[in-house]
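Worksheet for the structure shown next.
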Amino acid sequence: MLSCKHIAENATDYMEGRMNFFQRLKFRSHLRACVHCGRFLRHIGLTCIVSGSCTHQTATDQEVEAILEMVKAA
Amino acid sequence: MAAVSLEITDEFLKLLKAQDQDAFSELVRHHHRQMIYVARGIIGEAQAEEVVQEAWVSIYRNLIKFEGRSSLKTWMLTIVSNGAKTRLRKESRQVSFADVEASLSGLSEDLFNPDGHWSKPPPEWDISSPDRLLEESQLKDCIEKTTNSLPEQQRAVFVLREIEQQALEDVRNILGLTDSNVRVLLHRARLKLMQVIDRYQETGSC
């Protein structure tokens, strides 16, 4: 059986579908048996949703203005 | 400043192709920061702004030729990326992957026993739904600050994957990284941000 450390280190590969069938099977069987790793995966998933939703940054008016002036001058 | 992402409709694209100033301003407003992050991830802080400025000129001039074979966002990010890589080649510089190579996982060793099982299991989160987490304005500030303080390549990968929703293959191509480097950088960024939420759940602050 995979170790919890292996699960934590490879969580992104699992989430991104970067594992073959057998790797995925072993990963899932650990998750079924380990409440802590299940929680770890859930927390990483939540982190992706929340951080992706609250960090879309827009440029300031000054930055937009500077780019527009440069584009017009070019 | 955090905001919702810009929807590129056919009508908006027509305005952009007609070089409508307001439409172009909106495009700049919503994508300039992300383009800066991408350029920094390739060429570093010092020349990123210049590369992005040149990219905006190129985008403005070439929008009329945009055929929609990829999304507008991917097309723009590729222009920035190509500009940064060209500049890098001219200077015969290599970017440092020290950050990728230093540690594979970014996880503290003391979280695990020698047999690889948790010694400090992840604590249960009191606030555990995305909508409730997003209601916490202080947490949102913490996440934004942490994202901004990530090492440049980590931030570029994170922004492209989590915010711009680019496929891993596109992230790899845009930044000129290997598949495994992208996965390691993304994983480490996610872990750092997860630790921010962990701390917030425990202490109520960053």
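Please treat every number below as a calculation from the coordinates, not as lab data. Everything numeric here is computed off the predicted structure, so don't read it as measured data. Glycine also receives a Cβ, built like all others from the backbone with ideal geometry; neighbour counts cover every protein chain displayed.
In nm, to one decimal, how far is the modelled label at A:Phe22 from the one at A:Ile49, with both set 7 Å along Cα→Cβ?
Calculated label separation equals 3.4 nm.
If packing is taken as the average number of other Cβ atoms within 10 Å across a peptide's residues, how do B:46-55, B:141-150 rank, most packed first?
For the peptides B:46-55, B:141-150, the packing ranking is B:46-55, B:141-150.
Just tell me which lysines come within less than 21 Å, Cα to Cα, of A:Lys26; anything on the same chain fewer than 8 places away is out.
Within the straight-line limit of under 21 Å, A:Lys26 reaches these lysines: A:Lys5.
What ratio of Cα Rg to 2.2 N^0.38 Å holds for the stretch B:98-203?
Output field value: 1.17.
Roughly what percent of Cα-Cα pairs across the stretch B:10-90 reach past 20 Å?
So the pairs more than 20 Å apart make up 29 percent of the total in the stretch B:10-90.
Treating only the Cα positions of the stretch A:4-73 as identical point scatterers, give the base-10 log of I(q)/I(0) from the Debye formula at each q in 0.13, 0.17, 0.19 Å⁻¹.
-0.53, -0.67, -0.78
So which of B:Lys14/B:Lys73; B:Lys17/B:Lys90; B:Lys14/B:Lys85 end up more than 21 Å apart, counting from Cα to Cα?
B:Lys17/B:Lys90; B:Lys14/B:Lys85
Put one equal scatterer on each alpha carbon of chain B, apply the Debye formula with no solvent term, and list log10 I(q)/I(0) at q = 0.13, 0.17 1/Å to two decimals.
These q points yield log10 I(q)/I(0) values of -0.82, -1.21.
Can you compute the modelled spin-label distance between A:Gln62 and B:Ser205, with each label point 7 Å from Cα toward Cβ, in nm?
Each label point is offset 7 Å from its Cα along the Cβ direction, giving 2.9 nm.
Sort A:20-30, B:17-27 for me by packing, meaning the mean count of neighbouring Cβ atoms within 10 Å per residue, highest on top.
Highest mean packing first, the order is B:17-27, A:20-30.
So if each residue of separation counts as 0.36 nm, and I subtract the Cα-Cα distance between B:Asp20 and B:Glu109, what length gain in nm does that give?
26.6 nm
Taking the Cα centre as origin and putting +1 on Lys and Arg beta-carbons and -1 on Asp and Glu beta-carbons, what dipole magnitude results for the protein assembly as shown, to the nearest 20 debye?
Roughly 980 debye for the protein assembly as shown.
Report the extension gain between B:Asp179 and B:Thr78 in nm, rounded to one decimal, defined as 0.36 nm multiplied by the number of residues separating them, less their alpha carbon distance.
Here the segment from B:Asp179 to B:Thr78 would lengthen by 34.6 nm.
Ratio of the protein assembly as shown's C-alpha Rg to 2.2 N^0.38 Å, to two decimals?
Normalised Cα radius of gyration, the protein assembly as shown: 1.08.
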